[in-house]
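Report on the following structure.
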Amino acid sequence: MEESKPIYFSFGAKAKVIDKSYVFLSNFYESPFTVGGHTYRTVEHYFQSQKTEDEESKFIIINALTPGSAKGLGRKLQIDRELWQQIRVNVMRNAIFLKFSLNPDLKEKLIATGTRDLREFSPRDKFWGGSCKNSQNTLGKIIMSVREELKNHKDNQ
């Protein structure tokens, strides 16, 4: 029965109402990875930094002290919103793949979630989140897709 029960994950204050053992699924979870000569503390740092080609702005976001600060800085950028809407899911998928493929301990924890439905606990976000009515659970779907890819790769080794 446990295998069919969804896993709700979050970070910070919201994590108090859910199982904290799954906080590692959050974009705000400290999970450093290095790509393209930059080390990103969290998925959120990577995701927000990809909104700009301006190296100074990118550097400031990458080096933000917290993922919340990185998110705030990313939201202040002047960007092509239409283009960002078109690429943001692919950017997020890349970030999630990097997080779990370059952190072997997190990869194993992700695979250990089996086939359970993964949902970000977010009372307002109907696009990325997966806990409010009519939410699309985009983040959860991306993580589950990466889980399958990593599991299949592991099985074929």
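The values are calculated or read from the model by the stated rules, or taken from the named source; none is laboratory data. Being a predicted model, the structure only gives us computed values, none of them experimental. FYI the Cβ positions are ideal-geometry reconstructions off the backbone, even for glycines, and counts take in every protein chain you see.
Close contacts from segment 79-99, counting a first residue that is within 17 Å of residue 140 (Cα to Cα) and a second that is loosely packed, with under 15 Cβ neighbours inside 10 Å, with Cβ to Cβ under 7 Å and a gap of 6+ residues or different chains, come to 98/35.
If I filter segment 110-131 for residues that are without any contact (Cβ under 8 Å) to a residue 60 or more places away in the chain, in a helix (DSSP H, G or I), within 16 Å of the chain's Cα centre (by Cα) and closer than 27 Å to residue 19 by Cβ, do I get at least one hit? Among the residues of segment 110-131, at least one is without any contact (Cβ under 8 Å) to a residue 60 or more places away in the chain, in a helix (DSSP H, G or I), within 16 Å of the chain's Cα centre (by Cα) and closer than 27 Å to residue 19 by Cβ, which makes the answer yes.
Inside segment 16-36, residues that are hydrophobic (A, V, I, L, M, F, W, C) and either free of Cβ contacts under 8 Å to residues at least 12 places away in the same chain or in a helix (DSSP H, G or I) (or both) make up a count of 4. The single condition among (1) surrounded by fewer than 17 Cβ atoms within 10 Å (Cβ to Cβ); (2) in contact with a Pro (Cβ under 6 Å, 6 or more places away or on another chain) that residue 119 does not satisfy is (1).
Answer with yes or no whether residue 90 is closer than 18 Å to residue 145 by Cβ and out of contact with any helix residue (DSSP H, G or I) (no Cβ under 8 Å at 6 or more places or on another chain). Before the answer, list the steps.
Values: closer than 18 Å to residue 145 by Cβ: yes; out of contact with any helix residue (DSSP H, G or I) (no Cβ under 8 Å at 6 or more places or on another chain): yes.
It is true that residue 90 is closer than 18 Å to residue 145 by Cβ and out of contact with any helix residue (DSSP H, G or I) (no Cβ under 8 Å at 6 or more places or on another chain).
If a residue has to be outside any helix (DSSP H, G or I) and either within 15 Å of the chain's Cα centre (by Cα) or at pLDDT 95 or above (or both) to count, how many in segment 78-109 make the cut? Can you show your working first?
Going through segment 78-109, the residues outside any helix (DSSP H, G or I) turn out to be 78-80, 102-103.
This time we only want the ones that are either within 15 Å of the chain's Cα centre (by Cα) or at pLDDT 95 or above (or both), so: 102-103.
The number of residues fulfilling the criteria is 2.
With respect to the conditions (1) under 15 Å from the mean Cα position of the chain (by Cα); (2) in a loop (DSSP other than H, G, I, E, B), residue 53 falls short on a single one, namely (1).
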